[in-house]
1. Hey, can you tell me all the residues within the range 695-712 that are free of Cβ contacts under 8 Å to residues at least 24 places away in the same chain, open to solvent by less than 50 Å² (accessible area, probe 1.4 Å) and not in a helix (DSSP H, G or I)?
2. List every residue pair whose Cβ atoms sit under 9 Å apart, with the two residues 6 or more apart in sequence or on different chains, where the first one lies in the range 653-664 and is at positive phi and the second, anywhere, is of a type in the set (D, E).
3. Condition test on V606, is it in contact (Cβ under 8 Å) with a residue 60 or more places away in the chain, open to solvent by less than 20 Å² (accessible area, probe 1.4 Å) and under 25 Å from V726 (Cβ atoms)?
4. Could you please let me know if R69 is outside any loop (DSSP other than H, G, I, E, B), in contact with a Gly (Cβ under 6 Å, 6 or more places away or on another chain), modelled with pLDDT of 95 or more and of a type in the set (D, E, K, R)?
5. Filter the range 713-746 down to the residues that are surrounded by fewer than 20 Cβ atoms within 10 Å (Cβ to Cβ) and outside any strand (DSSP E or B) and list them by number.
6. Pull out all pairs, ordered by first then second residue, where Cβ-Cβ is under 7 Å, the residues are six or more apart or on different chains, the first lies in the range 292-309 and is under 15 Å from E706 (Cβ atoms) and not assigned by TED's automatic domain parsing to the domain that holds V252, and the second is open to solvent by 50 Å² or more (accessible area, probe 1.4 Å) and assigned to a helix (DSSP H, G or I).
7. Return yes when E795 is buried (at least 23 other Cβ atoms within 10 Å of the Cβ) and in a helix (DSSP H, G or I) and no when it is not.
8. When both residues are 6+ apart or on different chains and their Cβ atoms are under 6 Å apart, which pairs have a first residue that lies in the range 171-200 and is of a type in the set (A, V, I, L, M, F, W, C), and a second that is open to solvent by 40 Å² or more (accessible area, probe 1.4 Å) and outside any helix (DSSP H, G or I)?
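The values are calculated or read from the model by the stated rules, or taken from the named source; none is laboratory data. Since the model is a prediction, treat every value here as computed from it, not as a measurement. Glycine gets a Cβ as well: all are built from the backbone with ideal geometry, and neighbour counts include every protein chain shown. Just so you know, the surface numbers come from the protein's heavy atoms only, side chains and all, with ligands and any DNA or RNA stripped out. Shrake-Rupley method; radii C 1.70, N 1.55, O 1.52, S 1.80 Å.
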Amino acid sequence: MTPGIEPAVLPPAGLPGLDPAWSRLVSTRDADGVLRTWHVLDTGVTGTEDPALTLVCVHGNPTWSYLWRRVLAAAPGDVRVVAVDHLDMGFSERTGTVRRLAQRIDDLARLTDALGITGPVVTVAHDWGGPISLGWALAHRDQLRGVVLLNTAVHQPEGSPAPAAIRLARSSPLLRLNTVSTPTFVRATTALSRPALPRGVVKAFAAPYAGAARREAVGTFVADIPLEPEHPSAGTLDAIAEGVRDLGEVPVLLLWGPGDPVFSDRYLVDLLDRMPHADVHRYEGARHLVSEDAPALVDDLWTWVADLRRGPSALAEAGPAAVSEPEPLCSALERRAATTPDLVAVAEMVDGRWREVTWGTLAGRVDALGSGLRARGVRRGDRVAVLITPGADLIAVIYACWRIGASVVVTDAGLGVRGIHRALRGAGVRHIIGIPKAMALVRVLGLPGRRIATTELAGIARIGAPGHVPAPPAPGDEAVVVFTSGSTGPAKGVVYRHRQVGRTRDLLRAHYAITDADSLVAAFAPWAVLGPALGIASVLPDMDVTSPRTLKAAALADAVATVHGTLLWASPAAFGSVLSSAGDLTDTQRAAFGSLRLVLGAGAPVSAALLHGMARLCPSAQVRTPYGMTEALPVTDVTIDEIVAAGPGDGVLVGRPLPGVEVRISAVDDTGAASGGLSDDSDVLGEIVVRAAHTKDHYDRLWATERASTREPGWHRTGDVGHLDVTGRLWIGGRLAHVVTTSAGPIAPVGVEQRVEGLAGVRSAACVGVGPAGTQQVVVIVVTDRHVEGPADLELLDRVRACARVPVAAVIERRELPVDIRHNSKVDRSALAVWADELLAGRHGSESR
């Protein structure tokens, strides 16, 4: 080798966020003795000679150590952070040589030796820096403490082409033009970010690559991507790809931008296949330069590192008292099939007629489908998305997957097309089973995974090996990924293992005294799935499952009569629609409600008026409203009699915790943050925090979200606010994100809304805050009988102010309030606050958005 053609230099002054004190030049020698000089960023350590930990940050192509500037800026004093510029990249020496993957790994090792780095080390890498850092990590296991990877890859997943951007850039006729002769590749990298990066940051990323001579390695890096098996670097990359499978004892964090057109989610799935123990966080909206696009990433990284330093004992699970493992989810189905094979298990309306499926038929179909799905390649632990209309087919497919140990990913139309796309892409499903209409959408969206249409299920049920019954899943195996409604942000995947689903079933069975003699009318369709696990018949009323308000009283009565229903589960919106159409009932239909012994309303706060109305319609039933959320249900429970006895309060009374459930409050401060410790003191407004054996296992691929929600180990922060009264009952005040932070203190919206909704002529109300946090003004938005929009008249303003019990700055009338699709009940107060602010400021007309 020959000496370099251009020496290493320090970056120019004034680059945004870059401290010149971090820059230094370091010399190493190649294997043949040639001296090389690197530019690195190095924080050193404060007050000690030996760092407690060193982060070695490795950039990809065509960035440089500037990528890690915010990581260095946030470093604790006893942690050293070193961010390298590869030789021929950034401000390091231009060697005039072609350095392939194996040599770059060796280069990094020589640099860490020269820097005196001996461990413990956490490697942090992005893009092509990923394989280089992993190659170093595999060769330095004695120093390795952890691995952090951002949008990278070690293997091209089978059946998928290399990213179009890479194939285009690597094309022989265009390679030099795209990467060396012009700054196209450099500019394209920063141009991927949405929103656009600040101009100064874009210029800083491009600073080391001002001329073609300084971009030679940009081209050789791209050329060194081994897309062909005979490529000189293919063997090295393959060894790394297999080697990382042995990092099971090493903590790994994957921080991902799912909008990356280069390293898409398929590469994340591949890395998880090789390192299934890895913690993962996907930042919705972030693209290739995820550390630039996701402002929270650096804090999340350092939180993970801090946890790593404290060790596993510091975050050990501090769950509720140990309970025995539940029986398998298919046990009751198998028992009913053996003892009452000819009784109805599921009933549904198909083409205007009731279709009934017996226990024997359902169990036989579950076994046959399970065997057939195994023959089609569905394996234990695979994630299977089900895009099937709620009913017997959905139930059979879900239990067939559970029977063979596969996990079910359940979305619903309430998420919308974009939400479903985001959810399934993020969940990393391996198989998709859906109705033809859904499969057409899957093709249009280009979702990965083997596709099975419901029209194929009959054939699949015939191809399995009869009589072969696999061992039931273990309690700790993943059972299902369900999604939050997305009413306060992108829908989050919530992972339940078999033990948590089983404990949910057992809690429902015990608390509501459910026996085989019961039958469930599931007006909230997902709960029909639990019917077979409970060992009770279930029926779905004739309604549009994406719109609870389409449930009419007559359709509900017919469903109750079909299975002689004893249990009803519905949302507040469904209750409202049923009661508004109850006048159309015949005497026979009205009498059908007499078989109900229990009516449950959940999904959003249920008003006393709705509960009273359902009590009149179902005279033999006890009307209750359980409180919970996607992450834990039920948490508390209250009867209508208890609500009446309690009288008006500041919020919605949801009762006392169920057996085995603990509830605490984390006080809300003047900024609206739940910063208080966990307390069971009465009349303290704060975030509701719960602990129970049936609470979700974790948020899917949202490590930072899970970490924040369980920052008190074993407890789940719900995002709801409320208070406990002196008797230990829980009152709901709304969502934490919707708390109004006034100069006099925080205000929960629900209590205000309930008082306003008691006014004559007011159909519904929303309480929002307008203005800067900490000094917000209370604005009440109302839907009235007048169906008008704009600032309320003085008479209505005075009436609202008189009953609200808080200072109200303005009252605005609106034709309707925006609600979530799933429940038709959760008001989007954040959107209303923006709308009200703009209207009051005169920035738009009064038309609803």
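1. T710, the sole residue that qualifies.
2. What qualifies is G655/D637; G655/E642.
3. no
4. It is true that R69 is outside any loop (DSSP other than H, G, I, E, B), in contact with a Gly (Cβ under 6 Å, 6 or more places away or on another chain), modelled with pLDDT of 95 or more and of a type in the set (D, E, K, R).
5. Once the filter is applied, which keeps residues that are surrounded by fewer than 20 Cβ atoms within 10 Å (Cβ to Cβ) and outside any strand (DSSP E or B), the range 713-746 yields P713, G714, D725, V726, T727, G728, A737, S743, A744.
6. Final answer for the pair search is none.
7. In short, no.
8. Pairs that qualify, where the first residue is of a type in the set (A, V, I, L, M, F, W, C) and the partner is open to solvent by 40 Å² or more (accessible area, probe 1.4 Å) and outside any helix (DSSP H, G or I), are L192/R287.
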